[in-house]
Amino acid sequence: MALIPFDDRDGIIWFDGEMVAWRDAKLHVLTHGLHYGSAVFEGERAYSGNIFKLEAHTERLINSAKLLGFDIPQSAAQINAACNAVLKANNLVDAYIRPIAYRGSEQLAVSAQLTKIHLAIACWSWPNLFGADRMKGVRLALADWRRPHPQTAPTASKAAGLYMIGTLAKHQAEAQGYTDALMLTWDGYVGEATGANIFFVIDGKLHTPIPDCFLDGITRRTVIALARARGLEVIERHITLDDMATATEAFLAGTAAEVTPVRQIGTQDFTPGKITETLVADYADLVLMQPEEVARRAA
Ligand code: PMP
């Protein structure tokens, strides 16, 4: 498959308040965010022109920046408006939206108090993280890399630097012939995949790890609400590999991954079943609803 490089595409990117031609949305190589990882981002999806849970994503973006010690200059309302505007400017209705905020190039050292904060928002067409075959179920390798202790890294932040671990884990998994990796937490419990949270069905109940050292995904919270609305019991807890061995179904939940069945983790097989299918369908229905209806259901 021919790759279309991300810096050589048609389109428009919202960049520090301006609509900029895609190929002109550049920054200097001596940018703090690049050298020291002082960058936070979001991954959002629009369905039929509506960005699903836009307010929650914007709130997390602002909070991710605060956790890295900086304030994004734009208000939440301005960021929401910019996300919608860039979607329109690119004539897209079904798309992935990527806001990123980062420290600029005024200082290039560990101390970065005087750097300016930049915000860029791009969007493009991206059907699903795992492609057309995802309903067959993805295969996850058990990664050697683990999610760090919350005192080691700002784990509640969607910080660019934390994806260094994800890329290492994912590359290792791909080298072993798997689609993605399941990472454990620093203390050995089941954590998350490299870009999505994980759920298991054990004895007819839904079990998912407590997100105490990784992202509490917006999709994760949505799936928990959908499951409870179906009368399913949802248990958030620390899950060991022995617990995982008793699970019959497993699936991933994330904005890019949506709800994706898992058919293998390491040497363990899972059979995507009724509960997974129901939640895949409920999520697919919910994302197509008008934002007011989505908000009403979450209340
Ligand atoms: N964990 C990681 C590492 C992720 O990158 C994502 C995707 N943002 C998630 C979990 C799921 O988060 P969300 O459902 O908010 O997209």
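Restricting the search to segment 82-114, which residues are hydrophobic (A, V, I, L, M, F, W, C) and within 20 Å of Trp22 (Cβ to Cβ)?
To start, the set of residues in segment 82-114 that are hydrophobic (A, V, I, L, M, F, W, C) comprises 82-83, 85-87, 89, 92-93, 95, 97, 100-101, 108-110, 112, 114.
The answer is Ala82, Cys83, Ala85, Val86, Leu87, Ala89, Leu92, Val93, Ala95, Ile97, Ile100, Ala101.
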Total residues in segment 222-277, condition without any contact (Cβ under 8 Å) to a residue 40 or more places away in the chain and not small (Gly, Ala, Ser):
14
Can you tell me which of (1) open to solvent by less than 20 Å² (accessible area, probe 1.4 Å); (2) among the polar types (S, T, N, Q); (3) near the ligand (Cβ under 9 Å from one of its atoms) is the one Ser157 doesn't meet?
(3)
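Provide a single number: the residues in segment 84-126 that are of a type in the set (D, E, K, R), surrounded by fewer than 17 Cβ atoms within 10 Å (Cβ to Cβ) and under 30 Å from Ser48 (Cα atoms). Full working, then the answer.
Start the filter on segment 84-126 by keeping residues that are of a type in the set (D, E, K, R), which leaves 88, 94, 98, 103, 106, 116.
Subsequent filtering for residues that are surrounded by fewer than 17 Cβ atoms within 10 Å (Cβ to Cβ) retains 88, 94, 106, 116.
Of the ones still in play, those that are also under 30 Å from Ser48 (Cα atoms) are 88, 94.
Result for segment 84-126: 2.
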Residue in segment 39-69 that is farthest from Ala153 (Cα to Cα), counting only those that are in a loop (DSSP other than H, G, I, E, B) and open to solvent by less than 10 Å² (accessible area, probe 1.4 Å):
Gly43
Per the filter on segment 166-193, residues under 17 Å from Gly137 (Cβ atoms) and within 12 Å of the ligand (Cβ to nearest atom) are Asp180, Ala181, Leu182, Ala193
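Can you go through Ile13, Ile72, Ile62, Ile51 and tell me which one is within 23 Å of Tyr163 (Cβ to Cβ) and without any contact (Cβ under 8 Å) to a residue 24 or more places away in the chain? So that I can check it myself, show each step before the final result.
Numbers: Ile13 fails: without any contact (Cβ under 8 Å) to a residue 24 or more places away in the chain; Ile72 fails: without any contact (Cβ under 8 Å) to a residue 24 or more places away in the chain; Ile51 fails: without any contact (Cβ under 8 Å) to a residue 24 or more places away in the chain.
None of the other options fit; the residue is Ile62.
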Restricting attention to segment 200-217, the residues that are touching a Pro at 6+ places or on another chain (Cβ under 8 Å) and either of a type outside the set (D, E, K, R) or within 8 Å of the ligand (Cβ to nearest atom) (or both) number exactly 2
Look at segment 160-177 and say how many of its residues are in contact (Cβ under 8 Å) with a residue 60 or more places away in the chain and buried (at least 19 other Cβ atoms within 10 Å of the Cβ).
1
Condition set near the ligand (Cβ under 9 Å from one of its atoms) and touching a Phe, Trp or Tyr at 6+ places or on another chain (Cβ under 9 Å), scope segment 42-57, selection nearest to Ala101 (Cα to Cα): answer is Gly43
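Pick out the one residue from Arg139, Arg147 that is touching a residue at least 12 places away in the same chain (Cβ under 8 Å), touching a Ser or Thr at 6+ places or on another chain (Cβ under 6 Å) and within 15 Å of the ligand (Cβ to nearest atom). So that I can check it myself, show each step before the final result.
Values: Arg139 fails: within 15 Å of the ligand (Cβ to nearest atom).
Every option except Arg147 fails the conditions.
The values are calculated or read from the model by the stated rules, or taken from the named source; none is laboratory data. In this text the structure is predicted, and so the values were computed from the model without any measurement. Note that we place each Cβ from the backbone using ideal geometry, even for glycine, and neighbour counts take in every protein chain shown. Heavy atoms of the whole protein, side chains included, go into the accessibility calculation; ligands, DNA and RNA do not. Shrake-Rupley method; radii C 1.70, N 1.55, O 1.52, S 1.80 Å.
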